[in-house]
Structure formats: C-alpha cells, structure tokens
Amino acid sequence: MKKSILISSSLLLFFCIPFIASSQYSDFETIGQASIGNCTSIMVGRLASTDGSVMTSHTCDGIYRTWLEVFPHSKYGSGTMHPVYWDMCLPRADRDFSKITKKGEIPEVAETFAFMNTAYPCLNEKQLAIGETTLFGRSELINQDGMFQIEELEKIALQRCTTAREAISLIGKLAEEYGYGGYMPECITIADPKEVWQLEISGSGKGKPSAIWCAARIPDDHVGVSANIPRISTIDFNNPDLFMYSTDLQNVAKRLGLWDGNEPMKFYRIIGGSKGKPFDMRELYILSSLAPSLNLSFRNEELPFSVKPEKKLSPRDLMKFFRETYEGTQWELTKDLMITVKKKDDNGNVIEEKIKSPAVNNWMSWEMIKLLNELKPGVAVNHGPIAQAMCSYSHVIQCRSWLPDEVGAIAWFSFDNPGESPRIPIFSGVLYLPESFSNCGQYKYRTDAAIWSFREANRLATINWSVGRTLIEPAVKELEDKAFEEVPVIEMNAVEMIKAGKLKKAKEYITSYTNEFALNAMKKWEEIKVSLWSLIGTDFYPLK
C-alpha cells in the first residue's frame, strides 16, 4: 500500500506524518517496512474506561518545541483583537518569536480560560482536552492563504469553550470563515467529562480560503485511535449525535470533484485521496489488541472507526500502549539481531548462547537500520512502533465529571520517549509549572530545560539497552505506582478545600504537588544518568 507524502522533504521533520516504505500490506503478518516518526492519539469513551473517565491522548513525535506553560485565565477590554500566528508549535531558541509569521487577527472575547500551552495546546481549566495527529492528504486542498493552522485553533478553543461540541463548532466556524491554511490536514481528538470526538480538517483548495471538516463521536462504550491517516468513514448526515461537519459539505465535495453524490460519503476519501486503506500498523495493533475477537486484519478494506474493548481501560493501560514497541512479537525491530556469547553453566563448562545484541534497541536511528539491512536485507524491519525516540512530549488526559474542574482532569505528561520517561500528573487547575518547563531544549543541550533531565538518561540507556532498561523501566513503574497511590489522596484533600470555599488554597495545593512530583522525577532521571555514565567502560556495561 503506497502512500504519498504531499510535502517537501525540508518540512518532513516538522510534522507527525509517517514515512512509508512498503509496497503492499496483504495481511497483519506481512506488513513490511512501516512508519517511523508518527503521532498517535487514543480516545476512550466514559463507558469503556474502568472508572468512568473520558480520555484522549497525544504523542508529539518530531522536532517540536519542548517548553510548556500554564497560560492564565485572562480578561480583555472591548475592541481587543486576538493575533493569529503560524508555526507556534515549532522550536525556537529561548522562545524567540521575533520571526514568527502573523497571519491576521480576530476579535478577542471578554474573558478566556486558563489552559496548558504545549506545542499543540491540550487542556483547559474546564476539563476540555485535546490530542492531535497530522494527516496525509490531497495537495489540491492546500490553501496557505487561510489564516489558521491547527495549533492556533486548538488554543482558541481551549480559551473559549467548555465542551467538545462547543470546541468543534467554534473551530469549524473559524476555519470556514477565515480559512484553514495548514500544510497538511489535521486530526484533533477532543474530550470533555462526558464524551470524546475525532475531528478531521483540511483546506478547501484554490479560491477564497475556507475549510472542509468532519467530526465523529466515539461511542461512550468504545475506544478509537488516530495515527496520521484519515479514518472517518461513512457520514450519517441525519445523525447529529454522532457527526458534525462543515457547511454544505456534500455540495462542496461534489463541486471539487471529490464525491459523485451517489455513493455514501466516506470522509477519509474526501481529504485523504489515497487509494490505500485508511489504517496502518498502529491502528490495527491497538484496535485488534482491544477487541481480538473481531479478528481484524490487513485483509480488511477498512477497520472499524472504533471498537468496544473486551476489557475496560484505565489511564495506565493507555500509558502501556504508549510504551509499545511490539517487543516479544513478530513485528519487533530487533528480533533477528542476535549474537553468540560464551558463558559458563552450573558445572563450569563453557557453553554458547544466542542473545539479542546489546548494541541494538527498539529506537535505533534510521541510518543504523539502513546499515543493518544493507549488510543483510530484511534483518531489521521497522513496523512503526507507538513509542518513538523522536518524541518531543506526550500526554494521556482523563476527564472526570464527578470531580470539580480544578482536579477533574489530569494530563499525565511525559517528556521525550514515552517508552522510557515517567508520567507527571498535571491537574487542570494547576497555576504554574517548574521554571525549567518554560525552556525549550529541542535544538541544543541545556541543563535548564526540563526535557534534558530525561532525554540524556534515555539516550544513554539505549547504548546498552539490556542494561539501561534495568534502571529505566523499574524507575518508570516506581513513579507511576507512586502517582496512582498519592493522587486520589491529593484529589480528596483538594475537594474538601473547595467544598469549604478555599478555592485558591486548593489550587495552590495541587500546584505544589504537581511541581514537587515533577522535580522529584527530574531528580530521579538525573541520578539514573549518573549511574549510566559510571557503567560505561566497565566490565559490567559492555556485555562480555
């Protein structure tokens, strides 16, 4: 299955889009070389989660900005305008935005909500949460005269909306009125404490800038996934509970020659344009893992848009998916990279044993993979794992209707590779984050940027992953266990403060907890870094 990437090679690193090398996927067992470099979002309806949470998520894979902040609740005077910028998701040294492109402005509203300002803004104080994946699509729909890129639309929605439906309506209205000008189509996965939606949006081609978009709701007892491929299939134009879409979508699609008006409209064909299937390895792996009895396969022309999981999911289940490299399966990158070592058995006899080479890991560079395959074709096949070393950050966000907004939503946030880094609980009511979170460490090593507290240890660990993982993986579990033991107590205490009318004190309390947890996690990874450096060059570190 060939998929064209409709963007210049100089821009590829800046987008969460897959690089595809296989020619035809005939079945799950013969997928071939798949995507490297990808964003993934998993969505969970409230009846599909173990505790009634609604969840969305995001891995921001690629060269994106790594600083984040809590942008405060704000008020504006009459006549204030909201400036609209491009490429706010990309890294800049010391947050220098002097060369940022201002595309225009729109009227500001009198009051805006506080929100977590990541490269792709993700959570506001009212438990509205957003994940994101960039899509491949039709080049003829690109119109860069449009005012908005997706990250600015996300930001405005978080500042102005309290529910997923409100956010979709506002994003759609703004994109149609002022134009969607993104380099590629986008998918954003929008959750509130009651429901979660998948919105796919594209430009509308030449002429007056506008937008083509459709949003489909994940049923409450289902789980969905977006992984860089348009997935919304047949639209039921008579079911507003499950579908929202751009104005006059049917006539616009016919006018542009994207739909004949006779067959049911499959939205992925409208904006995607590929003759291939609307799924890849990640979608198939996740959905088939959740509902194995469906016997999903690459033989399917389509996968279900969402599935009812055979076992309900907790936030920790999603975190596990985001650590996935397909290890232990036939799709593991390093499964054939074995070496022979000599060791002594219990009787002192020297024996030979086949083990996986400590020089390889599931996040090897593309250059190393190419080298190995030059030496022996097909020895290292990359099937596009969910966990990527090139990840800037990731989050799993749960929204909960039974708790006050200040603690109702938690962004389980992680810097760098989600397969190696711990999760930091950031409540929707947090007032600020550690100072080092505000520094971008994407372009250079800097000790005052939070990401490098994790990235340095993570990279060192992969030099000899067989040893490095013995430090990294237990530490991830230790902090995860700690968080899930402590957070319910923190929430209970904060709720009591809110009930007693001590809202400010409650916000300060949860802010203190989040900041302390983050600093402890950073300290732990700094300690791991030192341990890893001390092992290099010893008889213990290189496997004998």
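Listing for the model above:
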{"read-out": "Test: residue in region 356-366 that is open to solvent by 70 Å² or more (accessible area, probe 1.4 Å) and aromatic (F, W, Y)", "value": "yes"}
{"read-out": "Verdict on M319 being closer than 28 Å to T470 by Cβ and free of Cβ contacts under 8 Å to residues at least 60 places away in the same chain", "value": "no"}
{"read-out": "Hits in region 64-84 (condition: surrounded by fewer than 17 Cβ atoms within 10 Å (Cβ to Cβ) and of a type outside the set (S, T, N, Q))", "value": "E69, P72, H73, K75, Y76, G77, G79, M81, P83"}
{"read-out": "Subset of region 54-86 [within 26 Å of T134 (Cβ to Cβ) and assigned to a loop (DSSP other than H, G, I, E, B)]", "value": "G62, I63, Y64, R65, T66, W67, L68, W86"}
{"read-out": "Filter pass, I286 being over 30 Å from K354 (Cβ atoms), within 22 Å of the chain's Cα centre (by Cα), part of a helix (DSSP H, G or I) and not aromatic (F, W, Y)", "value": "yes"}
{"read-out": "Filter result for I270 (in contact with a helix residue (DSSP H, G or I) (Cβ under 7 Å, 6 or more places away or on another chain), part of a helix (DSSP H, G or I) and more than 25 Å from G378 (Cα to Cα))", "value": "yes"}
{"read-out": "Answer residue from region 318-366, given it is among the hydroxyl-bearing types (S, T, Y) and within 22 Å of the chain's Cα centre (by Cα) and is farthest from V476 (Cα to Cα) among those", "value": "S365"}
{"read-out": "Qualifying residue in region 175-198 (condition: touching a Pro at 6+ places or on another chain (Cβ under 8 Å), without any contact (Cβ under 8 Å) to a residue 60 or more places away in the chain and open to solvent by less than 30 Å² (accessible area, probe 1.4 Å))", "value": "yes"}
{"read-out": "Total residues in region 87-116, condition modelled with pLDDT of 95 or more and either at negative phi or part of a helix (DSSP H, G or I) (or both)", "value": "13"}
{"read-out": "Residue within region 246-253 that is among the hydroxyl-bearing types (S, T, Y), surrounded by 21 or more Cβ atoms within 10 Å (Cβ to Cβ) and over 30 Å from W363 (Cβ atoms) present", "value": "yes"}
{"read-out": "Test set (1) surrounded by fewer than 20 Cβ atoms within 10 Å (Cβ to Cβ); (2) touching a helix residue (DSSP H, G or I) at 6+ places or on another chain (Cβ under 9 Å) - S139 fails condition number", "value": "(2)"}
{"read-out": "Qualifying residue in region 313-334 (condition: on the phi > 0 side of the Ramachandran plot and polar (S, T, N, Q))", "value": "no"}
{"read-out": "Among (1) under 30 Å from L290 (Cα atoms); (2) under 19 Å from the mean Cα position of the chain (by Cα); (3) not in a loop (DSSP other than H, G, I, E, B); (4) not β-branched (V, I, T) - the single one R231 does not satisfy", "value": "(3)"}
{"read-out": "Where a residue in region 444-460 is farther than 12 Å from T66 by Cα and among the small types (G, A, S) and its partner, wherever it lies, is open to solvent by less than 30 Å² (accessible area, probe 1.4 Å) and part of a helix (DSSP H, G or I), with Cβ under 7 Å and at least six apart", "value": "S453/M522; S453/W525; A457/W525; A457/I528; A457/L532"}
{"read-out": "Failed item in (1) open to solvent by 20 Å² or more (accessible area, probe 1.4 Å); (2) at pLDDT below 95, with F243 passing the rest", "value": "(2)"}
{"read-out": "Unmet requirement for E473, which otherwise passes all of (1) open to solvent by 60 Å² or more (accessible area, probe 1.4 Å); (2) farther than 30 Å from I355 by Cα; (3) under 25 Å from the mean Cα position of the chain (by Cα)", "value": "(2)"}
{"read-out": "Residues of region 320-350 satisfying the condition of being at pLDDT below 90 and among the small types (G, A, S)", "value": "G348"}
{"read-out": "Extreme residue, modelled with the lowest pLDDT, among residues of region 250-294 that are under 22 Å from S41 (Cα atoms) and of a type in the set (D, E, K, R)", "value": "K277"}
{"read-out": "Test: D221 is part of a loop (DSSP other than H, G, I, E, B), at pLDDT 95 or above and touching a helix residue (DSSP H, G or I) at 6+ places or on another chain (Cβ under 7 Å)", "value": "yes"}
{"read-out": "Failed criterion for Y432 (all others in (1) open to solvent by 50 Å² or more (accessible area, probe 1.4 Å); (2) out of contact with any strand residue (DSSP E or B) (no Cβ under 6 Å at 6 or more places or on another chain) hold)", "value": "(2)"}
{"read-out": "When residues of region 500-544 are limited to those that are modelled with pLDDT under 95 and among the aromatic types (F, W, Y), the one least open to solvent (accessible area, probe 1.4 Å)", "value": "Y541"}
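Okay, residues lined up against (1) touching a residue at least 12 places away in the same chain (Cβ under 8 Å); (2) closer than 30 Å to G131 by Cβ; (3) part of a loop (DSSP other than H, G, I, E, B):
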{"residue": "I339", "(1), (2), (3)": "yes, no, no"}
{"residue": "K343", "(1), (2), (3)": "no, no, no"}
{"residue": "P358", "(1), (2), (3)": "yes, no, yes"}
{"residue": "L372", "(1), (2), (3)": "yes, no, no"}
{"residue": "H395", "(1), (2), (3)": "yes, yes, no"}
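Residues are listed down the side, and each one gets a yes or a no for (1) open to solvent by less than 40 Å² (accessible area, probe 1.4 Å); (2) of a type in the set (D, E, K, R); (3) in contact with a helix residue (DSSP H, G or I) (Cβ under 6 Å, 6 or more places away or on another chain); (4) over 30 Å from L123 (Cβ atoms):
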| position | (1), (2), (3), (4) |
| --- | --- |
| V350 | no, no, no, yes |
| K376 | no, yes, no, yes |
| Y393 | yes, no, no, no |
| R400 | yes, yes, yes, no |
| P404 | yes, no, yes, no |
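The values are calculated or read from the model by the stated rules, or taken from the named source; none is laboratory data. In this text, all values refer to a predicted model and were calculated from it rather than measured experimentally. Cβ coordinates were reconstructed from backbone atoms using ideal geometry, including for glycine residues, and neighbour counts include every protein chain displayed. Calculation scope for accessible area: heavy atoms of the full protein, side chains included, ligands and nucleic acids excluded. Shrake-Rupley method; radii C 1.70, N 1.55, O 1.52, S 1.80 Å.
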